[in-house]
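Here the structure is laid out as C-alpha cells; the discussion comes afterwards.
Bear in mind these aren't lab numbers, they're just calculated from the coordinates by the rules spelled out. Note that the structure is a prediction, hence the values are computed from the model and not measured. In this analysis, Cβ positions are derived from the backbone assuming ideal geometry, glycine residues included, and neighbour counts consider all displayed protein chains.
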C-alpha cells in the first residue's frame, strides 16, 4: 500500500493556519479610570488602607505612572474609591420612595432597606470597617448624610402617625435620631455578619428585614412619646 509522505510543516505554513489574534480592545479614559477605581477598591479591602500606589499598580498589572495619569496620589485614589463604593450607590428614586406619604411606613422601610441591603458586598463592608478603624478620621470624611436622606423621612412619618408637630415647628431631637439609627444599624449589622464575620445568611435579606421593621414599629411609638414628653433625650440634634 502506498503511504502518503507527510512533509514537515514550515513555520510560515503553521503561522498561516493559526487563527488571527483578536485585536486588543482600547479603553476610553473614563472606562479605564473606572477600572482602576474598582480594582483599587478590591485591593484596599484586602490589604488595608496603608497599601501603596506601587502595590496597587502591581495588583492591577499596570505601571505606577499610569495611576498618576488619573490620580494625583494615593489620597485622591482613595477618595475616588470611597465615593464609588458609598456615595455613588445611592439611588435617586429612594428619596421619593422614603418620602411618599401615601404609602404605609412599613412598606417603605421594608422596600427601601431590602434594596439598600442588596447592595452590601465584601468590598463595601471591608472598606466601611477600615474607615471607622482609621486613626485619621476617614469615617467622618466619607460619611453619608444619613440624617437628611434616611432618618428625617422616617421620623417625619412617625410624627405624623403620632399626631406630633412637623420639623417646621420642632427640629429633630437627639432621641429621634437614635430611634432611627437603631433601625438603620440593625440592617447594617446584617452586612457585617455576612461579609465580616462570614456568617451564613440568605442572599435575599428581605424576610429578615421585615422582622426587624415589624419589631421596630411595634415599639417605636411608645419610645417616641417618651422623647416628646421630655423623659429622655429631648434635646436638639447636635450635628
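Applying 1/(1 + (r/R0)^6) with R0 = 45 Å to the Cβ-Cβ distance of residue 162 and residue 68, what FRET efficiency is obtained, to the nearest 0.05?
Here the calculated transfer efficiency is 0.20.
Based on the alpha-carbon gyration tensor of region 90-228, what equivalent-ellipsoid semi-axes (square roots of 5 times the eigenvalues) come out, in whole Å, largest first?
Equivalent ellipsoid of region 90-228: 26, 18, 14 Å, largest first.
Quick check on region 27-85: what does the Kirkwood estimate of hydrodynamic radius come out to from the alpha carbon pairs, in Å?
Kirkwood hydrodynamic radius for region 27-85: 11.1 Å.
Tell me, how many Å apart are the Cα centres for region 164-239 and for region 66-92?
30 Å
Along the Cα→Cβ direction, 7 angstrom out, place labels at residue 193 and residue 222. What is the inter-label distance in nm?
In this crude spin-label approximation the distance works out to 2.4 nm.
By how many nm would the segment from residue 122 to residue 182 lengthen if fully extended, with 0.36 nm per residue of separation less the alpha-carbon distance?
Numbers: separation 60, 0.36 × 60 = 21.60 nm, distance 2.26 nm.
So the chain would gain 19.3 nm between residue 122 and residue 182.
For residue 54 and residue 207, calculate 0.36 nm times their separation in residues minus their Cα-Cα distance, and state this gained length in nm to one decimal.
Length gained, residue 54 through residue 207: 50.7 nm.
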